[in-house]
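Asks: My structure is below; once you've seen it, I'll send some questions.
The values are calculated or read from the model by the stated rules, or taken from the named source; none is laboratory data. These numbers come from a predicted model, not from an experiment. Here the Cβ positions follow ideal geometry from the backbone for every residue, glycine too, while neighbour counts run over all protein chains shown.
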Amino acid sequence: MALTDPQSIKVSGTTTSLPRVSTGKYESEYLSADGLTKLTLSTSKGKRNRQTCRVDVSKITSDPFIPAQNTEVSMSFYIVFDRPLVGYTNTEALAVAVGLIEAMTASTDNMLVHLLAGES
């Protein structure tokens, strides 16, 4: 079952609407009108179950090698649940995710700030 349509994401105070553009058996994609922001939710089933939530964001910026020319750059951020077929309930997996997200965002996103700085 897919999420509601459209989804939205708020980055730096700006909310972007993401209408659904694709739905498959285990995957849905949501894309902004300008094509610069994409949200993908997917599940792969095999020896382990993997559920992924991924956002890809692109922007136009000056080319550092040719400053008079602009270029498109992109980044992505995703969260992956990787679980055995049995042994962890959805509730238990959710509790682990919430715990990690709370740790990453505690003290003004301290862990994320350090991670982005290359610290461990």
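Asks: Of all the strands (runs of 3 or more DSSP E) wholly in the stretch 12-96, which have at least 1 residues that are out of contact with any Pro (no Cβ under 7 Å at 6 or more places or on another chain) and not polar (S, T, N, Q)?
Replies: Correct list: 20-23, 27-31, 37-45, 48-62, 70-84.
Asks: Turning to a different aspect of this structure: Confirm whether residue 118 is among the small types (Gly, Ala, Ser), surrounded by fewer than 11 Cβ atoms within 10 Å (Cβ to Cβ), more than 16 Å from the chain's Cα centre (by Cα) and part of a helix (DSSP H, G or I).
Replies: No; evaluated as a whole, the condition is false for this residue.
Asks: How many residues are more than 14 Å from residue 39 (Cβ to Cβ) and either under 22 Å from the mean Cα position of the chain (by Cα) or of a type in the set (Gly, Ala, Ser) (or both) when one looks only at the stretch 53-73?
Replies: Adding up the residues that qualify gives 7.
Asks: With the requirement that a residue be of a type in the set (Phe, Trp, Tyr) and either touching a residue at least 12 places away in the same chain (Cβ under 8 Å) or closer than 27 Å to residue 90 by Cβ (or both), what does the stretch 33-77 give you?
Replies: Result: 77, single match.
Asks: From the list 17, 22, 28, 76, which one is at pLDDT 95 or above, among the small types (Gly, Ala, Ser) and in contact with a Ser or Thr (Cβ under 6 Å, 6 or more places away or on another chain)?
Replies: Of 17, 22, 28, 76, the one residue that is at pLDDT 95 or above, among the small types (Gly, Ala, Ser) and in contact with a Ser or Thr (Cβ under 6 Å, 6 or more places away or on another chain) is 17.
Asks: Run down 60, 79, 9 and say which single residue is touching an Asp or Glu at 6+ places or on another chain (Cβ under 7 Å), under 23 Å from residue 116 (Cα atoms) and either surrounded by 11 or more Cβ atoms within 10 Å (Cβ to Cβ) or outside the structural domain of residue 116 (by TED's automatic domain parsing) (or both).
Replies: 60
Asks: Return the residues of the stretch 28-50 that are farther than 18 Å from residue 80 by Cβ, of a type in the set (A, V, I, L, M, F, W, C) and under 13 Å from the mean Cα position of the chain (by Cα); say none if nothing qualifies.
Replies: Across the stretch 28-50, the qualifying residue is only 31.
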